[in-house]
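Right, one structure below, let's go through it.
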Amino acid sequence: MGIPGSGLAKGLAVTLRTMTRKSHTAQYPDAQPELPPRTRGVIGLFEENCTVCMLCARECPDWCIYIDSHKETVPPAAPGGRERSRNVLDRFAIDFALCMYCGICIEVCPFDALFWSPEFEYAEEDIRDLTHERDKLREWMWTVPAPPALDPRAEEPKELAAARKAADKLAAAEAAQAEAERGSAGPGETAGNGNRNRNGSGTEHGNGAAS
């Protein structure tokens, strides 16, 4: 059984140790806090990568993402080709009054159109202003930090290895084709020179005989 009052003494000892330490108060907003690189502040939209697949809106547990789009017909790239249709983004908005910053929309995006920004100073007096349209979401992209550098000891990504292998194979095929074209052109040129020489000799002998 412990000594009566030992808990109180320990608590007072912690209080006394804390009282003797110098306090460090962050003078916000004059001094901005140093946030971790993966801080979840606000979501930025890279509109060029969005294909209107609607995955982010479907997976959002709060249903705070609003997307409108329409289809356009794209003419064929080559004569005789088929026309195809594509989705064109009309509206992309996020209601940050409903968002719970879970990050599911960013994780499920297959084309890297959504990114976390550490910015957190976007409070509004009117709650309706917390619905950021695509122009505002595009402005947040300028505050998205650069991705961290890759670990040099890490394995090469499979996508990068496959792309490099395909590029090397294509370069080897082009080099072999160029070498084959040079090899086939060489004998032809030699034969042509020989014919020209023979024709020239015959002409000279003919002229000499006539003289």
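The values are calculated or read from the model by the stated rules, or taken from the named source; none is laboratory data. From a predicted model like this one, the values you see are computed outputs, not experimental measurements. With ideal geometry, Cβ positions are generated from the backbone for all residues, glycine too; neighbour counts draw on all protein chains shown. In case anyone asks, the SASA skips ligands and DNA or RNA and just uses the protein heavy atoms, side chains included. Shrake-Rupley method; radii C 1.70, N 1.55, O 1.52, S 1.80 Å.
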Mean shadow of segment 51-116, computed from the convex hull of its alpha carbons, in nm²? 5.2
I'd like the orientation of helix 6-19 relative to the chain: the angle between its Cα long axis and the longest Cα principal axis, in ° from 0 to 90, rounded to 10. 60
FRET efficiency (Tyr101, Met54; Cβ distance; R0 30 Å; to 0.05) is 0.90
Would you mind getting the accessible area per residue of the chain, heavy atoms of the protein chains only, 1.4 Å probe, in Å²? 79
Expected output is a single nm value to one decimal: the length gained when fully extending between Lys136 and Ala178, i.e. 0.36 nm times separation in residues minus the C-alpha distance. What is it? 9.9 nm
Rounded to whole Hz and in sequence order, give me ³J(HN,Hα) for segment 37-48 from the Karplus expression 6.51 cos²θ - 1.76 cosθ + 1.60, θ = phi - 60°, writing x for Gly and Pro. x, 9, 5, 9, x, 8, 9, x, 10, 9, 4, 4
For the chain, what is the calculated [θ] at 222 nm in deg cm²/dmol (nearest 500), taking -39500 (n - 2.57) for each run of four or more DSSP H residues and dividing by its residue count? -13500 deg cm²/dmol
Name the chymotrypsin sites (Phe, Trp or Tyr not before Pro) in segment 100-152 that are in a loop by DSSP and that have at most 14 other C-beta atoms within 10 Å, would you? Tyr101, Phe111, Phe120, Tyr122
Leaving ligands, DNA and RNA out of it, report the carbon-plus-sulfur percent of the accessible area of the chain at a 1.4 Å probe. 56
Between 0 and 90°, nearest 10: helix 158-210 axis offset from the chain longest Cα axis: 20
With volume of the Cα convex hull per residue in Å³ in mind, check (1) 393; (2) 129; (3) 110 and report the label derived from this structure. (1)
Everything considered on the Cα gyration tensor (a ≥ b ≥ c; rounded for a/c under 1.5, else prolate if a/b is larger than b/c, else oblate), segment 1-62 must be described as oblate
